[in-house]
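First comes the structure, then the notes that go with it.
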Amino acid sequence: MTPTMHLMRRIVGNSALIGLMGLPLMAHAADTTLHEFQGANLVKGQQAYTDLKCAACHAERMMGSTSAMYTRPDRKVHNPRQLLAFTQMCVTQLNHDLFPEEVKDIAAYLNQTYYKFK
């Protein structure tokens, strides 16, 4: 991948994060439809989650529990938009080179596995 392509991937990812973080934190129930995950590939999301070692990082932060990050009573994610935004934030902070579609795949996998937003 050329340096220009690398830079474009980072810009696209950061733009998506900025756009998602500007959304209201507590969206009305009607606004939390799963259209955020439309077209996502759950298999690819699970594979990326595994390949990027997300579970190990979360377990380290949550004193050994992989799922505690997602299931704790005081969790910060309350709707699909926030899940996408937090997933993008994680990807950006860790300098993973992912396209927005790949981030959506991971978020959709997390939704299916832990959050179960409807």
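The values are calculated or read from the model by the stated rules, or taken from the named source; none is laboratory data. In this text the structure is predicted, and so the values were computed from the model without any measurement. Cβ placement follows ideal geometry from the backbone for every residue including glycine, while neighbour counts extend to all protein chains displayed.
A few points about this structure:
- The stretch 49-75, residues that are within 21 Å of GLU101 (Cβ to Cβ) and surrounded by 14 or more Cβ atoms within 10 Å (Cβ to Cβ): TYR49, LEU52, CYS54
- Residues that are touching a Gly at 6+ places or on another chain (Cβ under 7 Å) and in a helix (DSSP H, G or I) were ranked within the stretch 72-102; the one that is farthest from CYS57 (Cα to Cα) is PRO100.
- Among the candidates HIS78, HIS96, residue that is surrounded by fewer than 15 Cβ atoms within 10 Å (Cβ to Cβ) and in contact (Cβ under 8 Å) with a residue 12 or more places away in the chain: HIS78
- The set of residues in the stretch 33-71 being in a helix (DSSP H, G or I) and of a type in the set (A, V, I, L, M) consists of LEU34, LEU42, VAL43, ALA48, ALA55, ALA56, ALA59, ALA68, MET69.
- Among the residues of the stretch 48-57, at least one is at pLDDT 95 or above and touching a Ser or Thr at 6+ places or on another chain (Cβ under 9 Å).
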